[in-house]
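Bear in mind that the values in this text are calculations on the coordinates, not laboratory data. Because the structure is predicted, anything quoted here is derived from the model rather than measured. A quick note on method: Cβ atoms are made from the backbone with ideal geometry, for glycine too, and the neighbour counts reach across all protein chains shown.
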Amino acid sequence: MRILAIETSCDETAVAIVETGGSGTSRFVRVLASKVSSQIAVHAPFGGVVPNIARREHEKNLVPVLCAALKEGGVYEVSSIRYQVLSKKANASLGTKYSKLNTLFQREPELLKKIVKHIASLRVPEIDAIAVTYGPGLAPALWVGVNFARALGVLWGKPVIPVNHLEGHIYTNFLPDEGGEISSSKFLISKQIKKSKTLHPTSYILNRISFPALCLIVSGGHTELVLMEKRGSYTILGETLDDAAGEAFDKVAKMLCLGYPGGPAISALAEMQIRSRSGPTDPTFRVTLPRPMMQSADYNFSFSGLKTAVLYFLQDHPEFLKSKGGRAAIAREFQRAVVDVLVSKTVRAAKEFRVRTVMIGGGVAANSHLRDRLCVVLRREIPNTNYLIPNTSLTGDNALMIALAALLGRRKKLRVGELLSARPNLRLDE
Ligand code: KG4
Ligand code: ZN
């Protein structure tokens, strides 16, 4: 089974081509291509993602990213056939397809022009289906990807598989985390790792997951503890009642004037202080923040109060903002507070539901303090539980994870041309 996957739910435009092979313990996936075009630089001056700018950027980038993925995937050579002359019959069938495309892209004329110019005359690639993120995410951004996937489905006569973005984050745990880069780059991802476990430079034996499994999803828009009895089955045990963990990182980073996105910046500053050991021993920069809801009996989270606590602390102690040592002390304590709560609830849920595997996913899963701390506490308290973490090149949004979810998760396949709507508030348990 070979899937072409598309991801446009937030500020990354991504396309991947992935296939599965083998069986049983030697089941593997082969990554033929995985490309990500990041919009971070465009949104950074605004201090966050601007939905309509995201849409415009997806419209601009989808076609070049797709062409690059098709070329890298070797499903055919794009340059040799881009301008092929079509037969009369092919032209006639394109006529009806064009009218469908016109309807699909009424609101995205720019993308329609590009599809007609670059994609419509391409030979149909050797894929079985097109997977696309249809939620959750920013509505204008999701719609571009969904319509694009439907257009390709119509043009190529391929079914579309709608994928929940969070399901994608979960399945990054199914690829081995062996260090190195599975596939990533600023505009176009192309580097792949060669490891002993691989069958081919781009092939990976899938991790065997023992169920039940618990996944902590921590991203810019979500914080959820999800129980899985098997692949494709999700029960949300708890979720954030206000801000997501990543959102809190971004907002506190803004207060500390660290720019956007804030997670990596806070993490780097906190690590710096740990290495220099200047903070905790320096009484000038002592700060203690709350661990919201850590003791609550449920599995929900709340990070909005923690963010406000930082704000009030900075109002009372403006001197912390003026020096790097002060900012680092806050970054470190904030990161510890978030991670303490995440780890405490994850471990408690893992015990209560007697899971055999714990995993994490989403942008914040790149955070090394979270990765390490969860490992330490799990080892200490439930050492027989497996602990998986995704390769850090897959924690941010990408299309490889959407392909994995389409191959390994729920398999909802639509008929060719069937309607599909973007679902900004889509949940994992529906
Ligand atoms: O999953 P993701 O790429 O996009 C969404 O689906 O939301 O997550 C992005 C979030 C951002 O809030 C970003 O600040 C956060 O993940 N993030 C981190 C780290 N790297 C990214 N948060 C904490 N530590 C990191 N190292
Ligand atoms: Zn995400």
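Observations, loosely collected:
- Packing-based ranking of 384-392, 24-32 yields 384-392, 24-32, ordered from highest to lowest mean Cβ neighbour count within 10 Å.
- Once the Cα atoms are used to define both axes, helix 262-276 deviates from the longest principal axis of the chain by about 40 degrees.
- Whole-percent P(r), region 301-430, all Cα pairs, 10 Å bins from 0: 9, 28, 30, 21, 10, 2, 0.
- Close Lys-Lys pairs in region 213-355, where close means Cα under 16 Å and separation is 8 or more or interchain: 4
- The chain: relative contact order as a whole-number percent, Cα under 8 Å and 6+ apart: 23
- Charge dipole (Cα centre; +1 on Lys/Arg Cβ, -1 on Asp/Glu Cβ; no other charges) of the chain amounts to roughly 1160 debye.
- Taken about its Cα centre, region 320-370 carries a charge dipole of roughly 60 debye when the Cβ of each Lys and Arg holds +1 and the Cβ of each Asp and Glu holds -1.
- For the chain, the convex hull drawn through the C-alpha positions has a volume of 141 cubic angstrom per residue.
- Here the Karplus curve 6.51 cos²θ - 1.76 cosθ + 1.60, taken at θ = phi - 60°, turns the phi angles of region 319-328 into couplings of 5, 5, 6, 7, 10, 5, x, x, 5, 5 Hz, with x standing for Gly and Pro.
- For region 213-355, alpha-carbon Rg and Dmax in angstrom: 16.2, 51
- Relative packing of 6-19, 104-117, which averages over residues the other C-beta atoms within 10 Å, highest first: 6-19, 104-117
- Euclidean distance between Cα centres, region 283-332 to region 380-423, Å: 33
- CD proxy at 222 nm, helix term only [per DSSP H run n ≥ 4: -39500 (n - 2.57); per residue of the chain; nearest 500]: -12500 deg cm²/dmol
- Residue pairs, from the table Lys35/Lys158; Lys60/Lys117; Lys35/Lys97, whose Cα atoms sit over 24 Å apart: Lys35/Lys97
- Residue ranges 212-220, 372-380, 35-43 sort as 212-220, 35-43, 372-380 when ordered by packing (mean number of other C-beta atoms within 10 Å per residue, highest first).
- Three-way shape call for region 288-360 based on the alpha-carbon gyration tensor, with the a/c threshold at 1.5: prolate
- 10 Å-binned pair-distance histogram of region 326-392 (Cα, whole percent): 20, 52, 23, 5, 0
- Degrees separating the helix 51-73 axis from the principal Cα axis of the chain, which is the longest one: 60
- Whole-angstrom gap from region 227-272 to region 346-365, using each part's C-alpha centre: 16
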